[in-house]
Amino acid sequence: MLKRTEGVVLRTIPFGEADLIVTYLTPDFGLIKLFAKSPRKIKSRFGSSLEPLTRSKISFWGREDSSLPRLTQSDIIHPFQSIRENLDCLLRISEMIELIINFVPEREGNRGVYTLLLDTLRNIEDSLLPRGAHKIGKGGFRNEDLIVNHYKIKLLELVGFAPRLDACGRCGRSGYSFYLSHGSILCATCAGGVDLPIKLSPAVLRFYSDLRSWDTAKIDRIRPSATLLSELADVINIHIKYILSRPLKSEEFIHALSR
C-alpha cells in the first residue's frame, strides 16, 4: 500500500553498500523507519533530501505489517541547511532528536510533537547569526539554552511525562520539594518516608510555569538569568535521566566536549 505524508529526517543508518535506513518524524505516523534504496550512490534520485533535519514530502510502500517500508519518493520542502552547518547548534539539536526517539512511539501520529519540532527548528534557524555578525553565545545562536529547554518541557508535556512543579502531586498543596520517584512536588505532609527531595526556588517554579504556557515563537521575549535557567535545566535533565534510567548520550557528549 502506498502512503504519503511529510517528515523531518532524524537520522540515517547505512545498510549494505549503498542503502540507508531513514528515521523520520511525521505528523501522521509519528516515528517511522523507511528503507531507502541506493541513496548513497552519486546519481541517487533522492539527492540531498535524506540529510538530517531535512523536511520533505515523502511516499513509501509496504504492507500494513511491514517492519521496514520502502521509501519511493522524497521531495524537499525545507532543508534547514544553516542548522546542519553550525556544529554547536547541531550538537544541541541532537538532544532534541534523542528525546523524540526515546519518547515518541513508532507509527503513532502526533501532530503536536511534529509541530513543536518544526517550530523549534524555525526558531533556531531564525536565531542563527548572519555571517560577519558578533556572536551572542558560544552556540552561535541567541538563547540556545532557553530554546532547547523550552522544547524539552513542551515535548515532555505532549508525551505525558512532564514533571509536576505547580503543586503537590498528592494533595494539591503548594511546596518547593521535588521528588524524582514521583515526578512531582510533594508537600511536607505527603512526603513522609519518601526519598530525599530536590529543593526548588519559587522563581524556578514560576519560570517553569511560564515556559509551559508560552509557545515557541514568543520565548525570545523571556530574559531569564543564567542561574535561573541552569536550575530549571538541571531539574528537567535529572527528571529525564530518571525516566530513561540513563542520561542522554548527546548530553554526555556535549558535557565531555565542554570540559
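The values are calculated or read from the model by the stated rules, or taken from the named source; none is laboratory data. What you see is a predicted model; the values in this text were computed from it and never measured. With ideal geometry, Cβ positions are generated from the backbone for all residues, glycine too; neighbour counts draw on all protein chains shown.
Listed by first and then second residue, the pairs with beta-carbon distance under 6 Å, at least 6 apart or on different chains, first residue in region 186-210 and assigned by TED's automatic domain parsing to the domain that holds residue 165, second assigned to a loop (DSSP other than H, G, I, E, B) and surrounded by fewer than 13 Cβ atoms within 10 Å (Cβ to Cβ), are 190/171; 195/181. Screening the candidates 224, 247 for the property of being part of a loop (DSSP other than H, G, I, E, B) and under 22 Å from residue 117 (Cα atoms) yields one hit, 247.
Taking the condition outside the structural domain of residue 243 (by TED's automatic domain parsing), surrounded by 18 or more Cβ atoms within 10 Å (Cβ to Cβ) and over 30 Å from residue 242 (Cβ atoms), does residue 15 pass? In short, no. You will find that of 25, 20, the residue that is surrounded by 14 or more Cβ atoms within 10 Å (Cβ to Cβ), at pLDDT 95 or above and either aromatic (Phe, Trp, Tyr) or in a strand (DSSP E or B) (or both) is 25 and no other. Applying the criterion of being assigned to a strand (DSSP E or B) and under 17 Å from residue 76 (Cα atoms) to the residues of region 28-52, the residue that is modelled with the lowest pLDDT is 36. If you go through region 170-207 and pick out every residue that is of a type in the set (S, T, N, Q), in a loop (DSSP other than H, G, I, E, B) and in contact with a strand residue (DSSP E or B) (Cβ under 9 Å, 6 or more places away or on another chain), you end up with 2. Under the condition of being part of a loop (DSSP other than H, G, I, E, B) and under 22 Å from the mean Cα position of the chain (by Cα), the residues counted in region 53-65 number 2. If the condition is being in contact with a Ser or Thr (Cβ under 9 Å, 6 or more places away or on another chain), under 20 Å from residue 237 (Cα atoms) and among the hydrophobic types (A, V, I, L, M, F, W, C), then region 168-183 contributes only 178. Please enumerate the residues belonging to region 53-71 that are at pLDDT 95 or above and hydroxyl-bearing (Ser, Thr, Tyr). Listed by number, the residues that qualify are 54, 56, 59.
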